[in-house]
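Notes follow the structure.
Only the coordinates and a few stated rules stand behind these numbers; no lab work does. Being a predicted model, the structure only gives us computed values, none of them experimental. Glycine also receives a Cβ, built like all others from the backbone with ideal geometry; neighbour counts cover every protein chain displayed.
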Amino acid sequence: MWCPAIRTIIPPLDNTDGMRYNTGMLRRRLNATRAAACALAISVGLAGVSLAVGDSQKSRLKLARELLKVQGLDEQLVKEARSSLSQELRRDRQLAPYKNAIMTFLYKHVTVEKLTDHYAEVYAREFTSDELKELIKINESPTLRKYIARQAHLQKEMSGIAGKIVAENRGELSRIIRERINKRSTNTRR
């Protein structure tokens, strides 16, 4: 089943001869998004409702918005949402005729304000004001900021380490494999 918001901008993808276009990747993404939204709604609904006295929803929402801003998630969320569908449009040529309609929809509805409001509500339900203040303080840490900024470089540098270790010890691996082969051939001869 299609996400209702997408259904309003993308007509059913049936053409005149009754063939249905293959939009598997987009549908899988939409289903995954819908499942995540449902899971989030359930978890939020089941979350404990006991809040500390004086820990108002309004103050938690304000702190949650501040946390999103400190994390740099406000603009990042919009870019990721738009980029994800934009990539899908490039992969699935049958959606190309709908590209302008989809992008218009995204720029109208997937905004910093809307995403921040919704994400802030989730944070405000899940965390107390004190916890949100602590999260803000953690995210303002210069060390954490450096770690986040260097993450891509670190992953790139570390990704080759395992391969290097294997290459350095290739002789031992070859010896182990030869021993196993010899042992198997000796056992089968008996």
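Can you tell me which residue in the stretch 80-114 is surrounded by the most Cβ atoms within 10 Å (Cβ to Cβ), limited to those that are of a type in the set (Lys, Arg) and closer than 29 Å to residue 60 by Cβ?
Here the answer is 82.
Between 98, 119, which is under 23 Å from the mean Cα position of the chain (by Cα) and among the hydroxyl-bearing types (Ser, Thr, Tyr)?
Details: 98 fails: under 23 Å from the mean Cα position of the chain (by Cα).
The match here is 119.
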